[in-house]
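The values are calculated or read from the model by the stated rules, or taken from the named source; none is laboratory data. The structure displayed is predicted, hence computed values, not measured ones. In this analysis, Cβ positions are derived from the backbone assuming ideal geometry, glycine residues included, and neighbour counts consider all displayed protein chains.
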Amino acid sequence: MSGLRVAMWSGPRNISTALMRSWENRPDTTVVDEPLYAHYLSTTGFDHPGRDLVLASQSRDWREVVAQLAAPVPAGRIFYQKHMTHHITPNVELDWLDGMNNVFLIRAPEEVVLSYGQIREGATAEELGFVQQERIFDRVAARRGEAPPVLDARAVLEDPSGVLRALCERLAVPFLEEMLNWPAGTRDSDGVWAPWWYGSVEKSTGFQPYLPKRIRLTDSQRELAKRCRPSYEKLAEFKISSDSSS
């Protein structure tokens with residue numbers, strides 16, 4: 001029996017890297033960090049921090065990347081794939097998702113807009129990935145005949161053990177306590193863009209408690225969050241809670 005492929009679909013400025021740390025701390029799991037980033041940058045032309053390094057570090061051909069993501073996984077092993085939803089450009093075909101256990105990580109758009117704006121100004125709705133996340137979710141749900149698992153970042157931070165335990169049950173893998181803590185520092189598996197984006201998670205040794213923020217947005221930021229909210233709310237209806245496990 002082959003192993004398990006888990007594709008975690010998130011937008012930027014979420015707890016996606018912390019979740020990658022969580023899964024990588026399992027002895028049975030190998031992770032890959034945003035494997036379609038170079039494809040995204042080469043297709044869109046966006047000038048992200050470390051652009052040249054990203055383009056040199058990965059294949060820009062989405063078909064080649066997908067072939068690697070869909071390669072056989074040894075029995076008893078988990079291949080955890082951290083994906084950004086906005087990296088799925090319109091030309092990327094999605095049939096390969098049928099071979100994945102797709103999970104969706106969401107965060108309130110007002111928090112995403114505020115956080116993203118601290119690193120990159122002038123973001124568009126397309127850069128934040130909410131609409132793309134809804135599109136991928138709809139396709140996966142249609143093929144499965146039911147909604148795939150959804151994690152809300154706030155719920156994870158409020159109860160990491162309970163929510164991750166419930167997710168593992170949905171994925172039919174054992175929950176391991178090692179998922180709750182990890183050594184601080186960098187990882188060889190981190191993308192070359194880590195120096196620009198991973199400062200906080202590199203200092204972490206576990207999930208940080210959720211702290212409500214006083215969010216002050218500009219008019220344009222409020223409009224951006226408003227555009228993203230319907231996609232967020234649609235997926236939020238299916239979010240896993242700590243009492244989702246039996």
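For segment 175-193, the candidate set comprises residues that are polar (S, T, N, Q) and in a loop (DSSP other than H, G, I, E, B); within that set, the residue that is nearest to ALA56 (Cα to Cα) is SER189. Annotation: of all residues in segment 1-52 being among the small types (Gly, Ala, Ser) and more than 22 Å from LEU114 (Cβ to Cβ), the one that is surrounded by the fewest Cβ atoms within 10 Å (Cβ to Cβ) is GLY45. From the list SER244, SER200, SER220, SER204, the lone residue that is polar (S, T, N, Q), buried (at least 16 other Cβ atoms within 10 Å of the Cβ) and modelled with pLDDT under 95 is SER244. Give me the residue from segment 145-164 that is among the acidic types (Asp, Glu) and assigned to a loop (DSSP other than H, G, I, E, B) and, out of that set, nearest to the chain's Cα centre (by Cα). Result: ASP159. Any residue that is at pLDDT 95 or above, within 30 Å of CYS168 (Cβ to Cβ) and either of a type in the set (Lys, Arg) or not in a loop (DSSP other than H, G, I, E, B) (or both) - is there at least one of those in segment 44-59? Looking through segment 44-59, none of the residues is at pLDDT 95 or above, within 30 Å of CYS168 (Cβ to Cβ) and either of a type in the set (Lys, Arg) or not in a loop (DSSP other than H, G, I, E, B) (or both).
Taking the residues in segment 170-197 that are among the β-branched types (Val, Ile, Thr) and closer than 22 Å to ALA38 by Cα as candidates, determine which candidate is surrounded by the fewest Cβ atoms within 10 Å (Cβ to Cβ). Of everything passing the filter in segment 170-197, THR186 is surrounded by the fewest Cβ atoms within 10 Å (Cβ to Cβ). Counting only residues that are of a type in the set (Gly, Ala, Ser) and over 26 Å from SER242 (Cβ atoms), which one in segment 108-128 is modelled with the highest pLDDT? In this case the residue turns out to be ALA125. Could you go through segment 150-162 and let me know if any residue there is farther than 20 Å from TYR210 by Cβ and surrounded by fewer than 20 Cβ atoms within 10 Å (Cβ to Cβ). No, segment 150-162 contains no residue that is farther than 20 Å from TYR210 by Cβ and surrounded by fewer than 20 Cβ atoms within 10 Å (Cβ to Cβ). Please work out which one of (1) β-branched (Val, Ile, Thr); (2) in contact (Cβ under 8 Å) with a residue 60 or more places away in the chain; (3) in a helix (DSSP H, G or I) is the condition VAL31 fails and give its number. If we test VAL31 against (1) β-branched (Val, Ile, Thr); (2) in contact (Cβ under 8 Å) with a residue 60 or more places away in the chain; (3) in a helix (DSSP H, G or I), just (3) comes out false. For the condition buried (at least 18 other Cβ atoms within 10 Å of the Cβ), outside any loop (DSSP other than H, G, I, E, B), of a type outside the set (Phe, Trp, Tyr) and out of contact with any Cys (no Cβ under 7 Å at 6 or more places or on another chain), LEU167 qualifies.
Residue check: ALA142 meets all listed conditions (1) in a loop (DSSP other than H, G, I, E, B); (2) free of Cβ contacts under 8 Å to residues at least 40 places away in the same chain but one, namely (1).
Of everything in segment 1-28, what is in contact with a Ser or Thr (Cβ under 7 Å, 6 or more places away or on another chain), assigned to a helix (DSSP H, G or I) and under 22 Å from ARG135 (Cβ atoms)? Give them in sequence order.
Passing the criteria: only SER16.
Restricting segment 69-80 to residues that are touching a strand residue (DSSP E or B) at 6+ places or on another chain (Cβ under 8 Å) and not in a strand (DSSP E or B) leaves a set whose member that is nearest to SER189 (Cα to Cα) is LEU69.
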